[in-house]
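Enquirer: Provided herewith is a single structure, encoded as structure tokens, for subsequent inquiry.
The values are calculated or read from the model by the stated rules, or taken from the named source; none is laboratory data. In this text the structure is predicted, and so the values were computed from the model without any measurement. Note that we place each Cβ from the backbone using ideal geometry, even for glycine, and neighbour counts take in every protein chain shown. Remember, those area values only see protein heavy atoms, side chains included, never the ligands or the DNA or RNA. Shrake-Rupley method; radii C 1.70, N 1.55, O 1.52, S 1.80 Å.
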Amino acid sequence: MGNQMDKLSHLSYAEVPTVDPNGVDTEEGPRIGVSYIFSNDDDELEEGCTVDGSDKDPNKEEKQYDPRDEVECAVYYRDECIYEKSVKSANLEVYSPENLLNKCKAGDLVEFVATGQFPHWAVYVGDFQVVHLHRAEVKNSCLTDASQGRRCRIVNDLYKFKALGPDMVVQNAMEQVGLKDRELSWRNSEGFAAWCRFGKREFKMGGEIRIGKQPYRLKIFMSEKHSHVLEFQSLEDMIMEKRRNDHLGRKAVLKELATHFSSVEQSKSEEPGAD
């Protein structure tokens, strides 16, 4: 069941159980968060297609990266912060693939980004090469080819887990080259690359049993004073939601949350006994 790869349409925020936007859960008992158990790899587009699946117009330039549209967030496992992406906590500067090659060391995690696209992760293995999960296959590619024109950065410090040694990271990546389709244990390029560097089974499909109260919390920073929290039963599910937000971009995510809050307030006002 865990290897079944039928696409699951994502629920809107109006359908997703969440906690209070200020980060305080006012209800008791376990919550059932979004599960991506049947969702497939989310970050690859067919040649000649845009994000929405339509054909590319060869006369239009490809979307560029806009740092203002980054979705800043943090992830907690129970009370421990295990991931944080914000201008205050990490260097989010991006480079051209050619310039990044001068900064990369074997075992580094590389993220390729472009506005309106899922981020693509890879493991730098030396000699200008990366290993990455691309279109349901683990491939060894030149970093500049893997970028597909996107900007890129080193993201070793986004996840807070203790990293394996560089030689082990490279070995983990190289040993998977050639795996494809049902042989794969990862749902997307981020899960694969992070597993190579940290070696944690939680990055694999079905690496955790989805029972009980959700131990993972995805905290989306809406402003300096406000945030919104979603809860998940597995790191795998949380990564899928985080990547969906990266794909949408900050403006779209904030709009989606605003719609959710509005519908919640409307429902409360229509409840019997409401003033």
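Enquirer: Restricting to segment 235-256, give me the number of residues that are of a type in the set (D, E, K, R) and either free of Cβ contacts under 8 Å to residues at least 24 places away in the same chain or within 16 Å of residue 66 (Cβ to Cβ) (or both). Break it down into steps so the answer makes sense when it comes.
Expert: From segment 235-256, those of a type in the set (D, E, K, R) are 236-237, 241-244, 246, 250-251, 255-256; that's our starting set.
In the following step, the residues that additionally are either free of Cβ contacts under 8 Å to residues at least 24 places away in the same chain or within 16 Å of residue 66 (Cβ to Cβ) (or both) were identified as 246, 250-251, 255.
So the count comes out to 4.
Enquirer: If you check 220, 209, which single one turns out to be open to solvent by 10 Å² or more (accessible area, probe 1.4 Å) and either in contact with an Asp or Glu (Cβ under 7 Å, 6 or more places away or on another chain) or under 22 Å from residue 80 (Cα atoms) (or both)?
Expert: Working: 220 fails: open to solvent by 10 Å² or more (accessible area, probe 1.4 Å).
The unique qualifying residue is 209.
Enquirer: Residue 162 passes all but one of (1) of a type in the set (Lys, Arg); (2) within 27 Å of residue 76 (Cβ to Cβ); (3) not in a loop (DSSP other than H, G, I, E, B); which number fails?
Expert: (3)
Enquirer: Go through (1) open to solvent by 30 Å² or more (accessible area, probe 1.4 Å); (2) within 22 Å of residue 163 (Cα to Cα) for residue 66 and report which single condition fails.
Expert: Evaluating residue 66 over (1) open to solvent by 30 Å² or more (accessible area, probe 1.4 Å); (2) within 22 Å of residue 163 (Cα to Cα) leaves (2) as the failure.
Enquirer: Then there is this: Please work out which one of (1) in contact (Cβ under 8 Å) with a residue 60 or more places away in the chain; (2) in contact with a Phe, Trp or Tyr (Cβ under 7 Å, 6 or more places away or on another chain) is the condition residue 134 fails and give its number.
Expert: The single condition residue 134 does not satisfy is (2).
Enquirer: Looking only at segment 83-92, decide whether some residue is assigned to a strand (DSSP E or B), at pLDDT 95 or above and open to solvent by 40 Å² or more (accessible area, probe 1.4 Å).
Expert: yes
One line per residue, one yes/no per condition, for (1) open to solvent by 60 Å² or more (accessible area, probe 1.4 Å); (2) of a type in the set (S, T, N, Q):
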site	(1), (2)
129	no, yes
137	no, no
141	no, yes
166	yes, no
180	yes, no
184	no, no
197	no, no
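Enquirer: Is there any pair linking a residue in segment 100-126 that is within 13 Å of residue 190 (Cβ to Cβ) and at pLDDT 95 or above to one that is buried (at least 23 other Cβ atoms within 10 Å of the Cβ) and among the hydroxyl-bearing types (Ser, Thr, Tyr), with Cβ under 7 Å and at least six apart or on different chains, and which?
Expert: What qualifies is 110/124; 120/189; 121/189; 122/189.
Enquirer: Among the residues of segment 87-113, write down those that are farther than 24 Å from residue 195 by Cβ and among the small types (Gly, Ala, Ser).
Expert: Within segment 87-113, just 96 meets the criteria.
Enquirer: Working only within segment 228-249, note down all residues that are open to solvent by 10 Å² or more (accessible area, probe 1.4 Å) and not acidic (Asp, Glu).
Expert: Correct list: 233, 244, 247, 248.
Every residue, every condition in (1) under 27 Å from residue 104 (Cα atoms); (2) assigned to a strand (DSSP E or B), yes or no:
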| position | (1), (2) |
| --- | --- |
| 170 | yes, no |
| 182 | no, no |
| 194 | yes, no |
| 217 | no, yes |
